[in-house]
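Some notes on the structure that comes next.
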Amino acid sequence: MREKGIISPAAREDDLQFDVTLRPKRLDDFTGQPKLKENLSIAITAARKRGEALDHVLLYGPPGLGKTTLATIIAQELEVGFEQTAGPILQKKLDLTGILSNIRARQVFFIDEIHRLLPDVEEMFYSALEDFRVDILIGAGPGARTHSLPMPRFTAIGATTRQGLVSAPLRGRFGLVLRLNHYDVADLTRIVKRSAGILEVKLDEAGAGEIARRSRGTPRIANRLLRRVRDYAEVRADGRIDLKIAQAALDLLEVDRFGLDEIDQKIMTTVLVKYGGGPVGVNTIAASIDEEADTIEEVYEPYLMQLGFIDRTPRGRVATPRAFEYFGILPRRPGGPQGSLF
Ligand SMILES: Nc1ncnc2c1ncn2[C@@H]1O[C@H](COP(=O)(O)OP(=O)(O)OP(=O)(O)O)[C@@H](O)[C@H]1O
Ligand SMILES: [Mg+2]
């Protein structure tokens, strides 16, 4: 039976330790995303040359593509301190004040899930981002007053999987807004080989390629599948991973040939079967499978579009001939009966 969530891009308990061990530490070790890396590298070098804080950076993209990794890399490359928090943790303005008043010049302050900041905390954050000032409450009760104190210039790095939920005023305060895209098979193959090296797993090119293809364009999933294939290779063979071993292990785990997860499959069967290949609006798909429309748009569709399974058209989503073929569904002929699974 398919193990629940094996293809889920979100971090699972069993990933946490490996996410840290396998996380690249320098920009040169960070595979793929060439444009993003170049933009970042220029900005980092320029900031270092001037001895100034790097502009604030907003990183957005689906889970498991390397946002947290990049935030730690930026701090390393700038050779500055790294302070970390997350939108849901900052419940009160005071929590933010506490952190901001301890920030040192040029250091990185990383805010994960920045789309989940509460409105009043977010508003208070604006003055820190823009004017490098922090509001401090002095005294208590009716006599309490807020003082706006200057703070050193620092670099805020925000990360979000849901760009659409980041308010315009917040987004506008980030000088660098960088998007992470799903990785292609060649980049994922490199990532799998690098991780195998760190974990001391013997793996050949074809074995790495097979894991890469089934990783849903996501390094976190690639690393997770590598660990599971390693178990299989150690128990059922001599520990080496080649194409046959990788295929057998991943078939046993019921990992789809393109790494599609349950929600991907639900989206595709809705478009292909229920709506005969489309066009169908994203809200209709969302209602059919009980997911939020913007989660579909921001987290799921990018990978389905990269695979060439779905096209976005002004009239809605359309399944491609490649999708019909992969799912074994006959396209509906104009005026003919509904396509069916066989
Ligand atoms: N470009 C890359 N090269 C090599 N490994 C990578 C790369 N990107 C991500 N990884 C690996 O994938 C793991 C997950 O990445 P990371 O935690 O940075 O993702 P994320 O975008 O922050 O995900 P989430 O949205 O769930 O927080 C990392 O620990 C690292 O091992
Ligand atoms: Mg993260």
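The values are calculated or read from the model by the stated rules, or taken from the named source; none is laboratory data. Quantities reported herein were computed from a predicted structural model and do not represent experimental measurements. Counting neighbours? That spans all protein chains shown, and the Cβs are built from the backbone with ideal geometry, glycine included.
Structure above, values below:
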| read-out | value |
| --- | --- |
| Sole residue being more than 30 Å from I296 (Cβ to Cβ) and not hydrophobic (A, V, I, L, M, F, W, C), chosen from D55, D112 | D55 |
| Single condition T189 does not satisfy, out of (1) over 22 Å from V20 (Cβ atoms); (2) free of Cβ contacts under 8 Å to residues at least 12 places away in the same chain | (2) |
| Of all residues making up segment 155-178, the number that are out of contact with any strand residue (DSSP E or B) (no Cβ under 6 Å at 6 or more places or on another chain) and touching a residue at least 40 places away in the same chain (Cβ under 8 Å) | 10 |
| Number of the condition not met by E77 [criteria: (1) crowded, with 17+ Cβ neighbours inside 10 Å; (2) without any contact (Cβ under 8 Å) to a residue 60 or more places away in the chain; (3) within 16 Å of ligand 2 (Cβ to nearest atom)] | (3) |
| Number of the condition not met by V201 [criteria: (1) within 30 Å of G87 (Cβ to Cβ); (2) touching a residue at least 40 places away in the same chain (Cβ under 8 Å)] | (1) |
| From G276, G259, G281, residue being surrounded by 17 or more Cβ atoms within 10 Å (Cβ to Cβ) and more than 29 Å from I211 (Cβ to Cβ) | G276 |
| Criterion: over 22 Å from the mean Cα position of the chain (by Cα) and not small (G, A, S) - qualifying residue of R133, R116, R162 | R133 |
| Wholly within segment 66-179, helices (runs of 4 or more DSSP H) carrying at least 1 residues that are more than 30 Å from A293 (Cα to Cα) and either in the same structural domain as H56 (by TED's automatic domain parsing) or within 13 Å of ligand 1 (Cβ to nearest atom) (or both) | 67-78, 93-100, 119-131 |
| Any pair with Cβ under 8 angstrom, 6 or more apart, that starts in segment 90-109 at a residue that is under 23 Å from T72 (Cβ atoms) and ends at one that is of a type in the set (K, R) | A105/R153; R106/R153 |
| Residue list for segment 207-239, restricted to those being without any contact (Cβ under 8 Å) to a residue 40 or more places away in the chain and surrounded by fewer than 24 Cβ atoms within 10 Å (Cβ to Cβ) | G209, R230, D231, Y232, A233, E234, V235, R236, A237, D238, G239 |
| Top-ranked residue of segment 13-44 - restricted to ones that are assigned to a loop (DSSP other than H, G, I, E, B) and either near ligand 1 (Cβ under 9 Å from one of its atoms) or acidic (D, E) (or both), ranked as modelled with the lowest pLDDT | L22 |
| Residue check, E3 more than 11 Å from ligand 1 (Cβ to nearest atom), of a type in the set (D, E) and closer than 20 Å to H182 by Cα | no |
